[in-house]
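Have a look at the structure below, then the notes.
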Amino acid sequence: MPASSRRTRRPKLAVFKLASCDGCQLSLLDCEDELLAVADAIEIAHFPEASRRSVRGPYDLTLVEGSVTTPHDAERIREIRGVSRRLVTIGACATSGGIQALRNFADADALVAAVYPRPDFLRTLATSTPIADHVRVDYELRGCPVDKRELLDVIIAFLHDRRPAIASSSVCIECKRRGTVCVMVAHGTPCLGPVTHAGCGALCPTYDRGCYGCFGPADSVNAAALGDAFRAAGTPSGEVARAFRTFNAAAAPFAAEGDRHGEA
C-alpha cells in the first residue's frame, strides 16, 4: 500500500452483539451529533444495529455487547478477537454476565424446560459469563446500559492510543459531588452506592432510591461490610442476596456476597 494511502486510511470500528438487549448499542446511536463527528474520523465497518453495510476485518477497534451464553457465542467471540486489534466490552452483560447470569445460581436445564415447549432445539450453556472469561479484553466499560459520554471517550481514547479517562470511584463520590443526601443515612434505604462503580451520575439516589448496582463493582470494594450493614439495619437475608443479584450478579464481589446471604 502506498505511503499516502496509509496516512489517509481511517481506522475501522466494528460493533458486535452476543446475548443482550441491545441497550448499549442504542447508547452509541443515542450520541447522534457526536457520533456524526466521530464518523468523520473513523470507518464504521460493521454495525448491524445502524447499517446493513459490513466490511470484513481486521478491525482497529471492536466493541462487543452481550454475554457468552451458548456454544456458538463462545466460538464467535474467539473469531471476533482474532480480527480485532483492540477489543472493548461494553455493558453489564459483556463485563459480568448480565441479568442472564442469574441462571448461574439455578438449574439451567430446569429453567429452559419451564420456558420453552421444545427445549431440545436449544443449545445453551449452564452459565452466562463475561467475555473476559473467554478471550483477552483490552478494556471493560461497565453499565446497564453504558453511559454514552463514557462510550464516546473510550472510542476516542483507543483511536488516539491513550487510556480512557473513566473514573474508578464509587457512586457515593458522585452523590457527594451532586450534593445528594445519603439515602442510607437519611432514610435507612438499602443502597449499593458504596460498592458500585461510578458512571451513572448517582441517578437513583438523586430520586431518593437506593443504587441498584447497574455499573457493577467499583475497584477494591468491601461488599461484605455493606451486606453486614444491610443486615444490621434489619434487611432480611434473602433481600440482601437479591440486592447483589441483579444486573451484575456474576461479578465476583457481588456473587460472593449474594452467596453469603443464602438463596434469593
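Do we find that GLU174 is among the acidic types (Asp, Glu), surrounded by 17 or more Cβ atoms within 10 Å (Cβ to Cβ) and in contact with a strand residue (DSSP E or B) (Cβ under 9 Å, 6 or more places away or on another chain) in this structure?
Details: among the acidic types (Asp, Glu): yes; surrounded by 17 or more Cβ atoms within 10 Å (Cβ to Cβ): yes; in contact with a strand residue (DSSP E or B) (Cβ under 9 Å, 6 or more places away or on another chain): no.
Criteria not met by GLU174.
Among the strands (runs of 3 or more DSSP E) contained in segment 1-120, which hold 3 or more residues that are within 30 Å of PRO253 (Cβ to Cβ)? Walk me through it before giving the result.
Values: elements: 12-17, 43-46, 59-65, 84-90.
Once the strands (runs of 3 or more DSSP E) in segment 1-120 are filtered for at least 3 residues that are within 30 Å of PRO253 (Cβ to Cβ), what remains is 12-17, 59-65, 84-90.
Does CYS204 qualify as being in a helix (DSSP H, G or I) and in contact with a Pro (Cβ under 6 Å, 6 or more places away or on another chain)? Give the derivation first.
Working: in a helix (DSSP H, G or I): yes; in contact with a Pro (Cβ under 6 Å, 6 or more places away or on another chain): no.
For CYS204, the condition - in a helix (DSSP H, G or I) and in contact with a Pro (Cβ under 6 Å, 6 or more places away or on another chain) - is not met.
Give segment 230-251 a look and list any residue that's touching a residue at least 12 places away in the same chain (Cβ under 8 Å) and of a type in the set (A, V, I, L, M, F, W, C), or say none.
If the condition is that a residue be touching a residue at least 12 places away in the same chain (Cβ under 8 Å) and of a type in the set (A, V, I, L, M, F, W, C), then PHE230, ALA233, VAL240, ALA241, ALA243, PHE244, PHE247, ALA249, ALA250, ALA251 are the ones that fit.
Which residues, counting only those in segment 187-217, are closer than 11 Å to PHE244 by Cα and among the aromatic types (Phe, Trp, Tyr)?
The one that is closer than 11 Å to PHE244 by Cα and among the aromatic types (Phe, Trp, Tyr): TYR212.
Could you figure out which of (1) surrounded by fewer than 16 Cβ atoms within 10 Å (Cβ to Cβ); (2) at pLDDT below 95 isn't true of ALA225?
(2)
Could you say which residue among CYS191, CYS214 is touching a Phe, Trp or Tyr at 6+ places or on another chain (Cβ under 6 Å), in the same structural domain as PHE254 (by TED's automatic domain parsing) and not in a helix (DSSP H, G or I)?
Numbers: CYS191 fails: touching a Phe, Trp or Tyr at 6+ places or on another chain (Cβ under 6 Å).
Every option except CYS214 fails the conditions.
Which residue, of ARG123, ARG81, ARG118, is surrounded by 13 or more Cβ atoms within 10 Å (Cβ to Cβ) and charged (D, E, K, R)?
Numbers: ARG123 fails: surrounded by 13 or more Cβ atoms within 10 Å (Cβ to Cβ); ARG118 fails: surrounded by 13 or more Cβ atoms within 10 Å (Cβ to Cβ).
Sole residue among the options that is surrounded by 13 or more Cβ atoms within 10 Å (Cβ to Cβ) and charged (D, E, K, R): ARG81.
The values are calculated or read from the model by the stated rules, or taken from the named source; none is laboratory data. All of these numbers come straight from a predicted model, not from anything done at the bench. Cβ atoms come from the backbone with ideal geometry, glycine included; neighbour counts cover every protein chain shown.
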